[in-house]
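Below is one structure, written out as structure tokens, with a few remarks after it.
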Amino acid sequence: MTNDQTWFSRAKADADKGIPTDERLSSAAIAVFSIVMVVFFVSHQTQSTGFFTAEFGALEQFLFYGYWVVWITTASLEGILGLRLLSRLFDVFGGIEFLFISTVVLLIIFPFDFQYLADVLPESLRFLLAWVSDDIARIVMVLGAIGLLFATVYSPIAYKLVDLKRFNRNEISNQS
């Protein structure tokens, strides 16, 4: 590569090399899991189980389902379509921030009642989720928010550092 190529063209060339099969499979699994979760929670909403409280208004629905759509989008771009560059760009320029904001707002409003979480499952499977309480859900959300805050700061820096490393590696190979 030459010095006049942009970071985008270098990143695109690197992305064109392909994504290892195990990484694509894990991303595809995340996409499938996220779709299953959307169906699970839509079932709660359409069956009025009580899981979503009266505070689950339009904003909360946008943030809650948008959270899952972000996961589906980023995982599908990488795992199913093999578009790592677009996945990373989506993550760095908005995806992670949306996940963080959604988590924090939903944690503050907390429009959920986890005693009803298992209600859409068949009776024989309810034990799988019956132990999840509001307090456990809040702890998971706080830990998620902390991780997402870290990712919000780390991802753009890592993205740029990887770009610089690629550029330096290519500079050395061009001088040889």
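Bear in mind these aren't lab numbers, they're just calculated from the coordinates by the rules spelled out. Every value quoted in this text rests on a predicted model; they were computed, and no experiment measured them. Backbone-built Cβ (ideal geometry, glycine too); neighbour counts: all protein chains shown.
Annotations for the structure displayed:
- A viscosity of 1.002 mPa s and a temperature of 20 °C, combined with the Kirkwood radius over C-alpha pairs in the Stokes-Einstein formula, give the range 18-170 a diffusion coefficient of 126 µm²/s.
- Near G66: Cβ cut-off under 15 Å, other residues only, Lys/Arg at +1 and Asp/Glu at -1. The net charge is -3.
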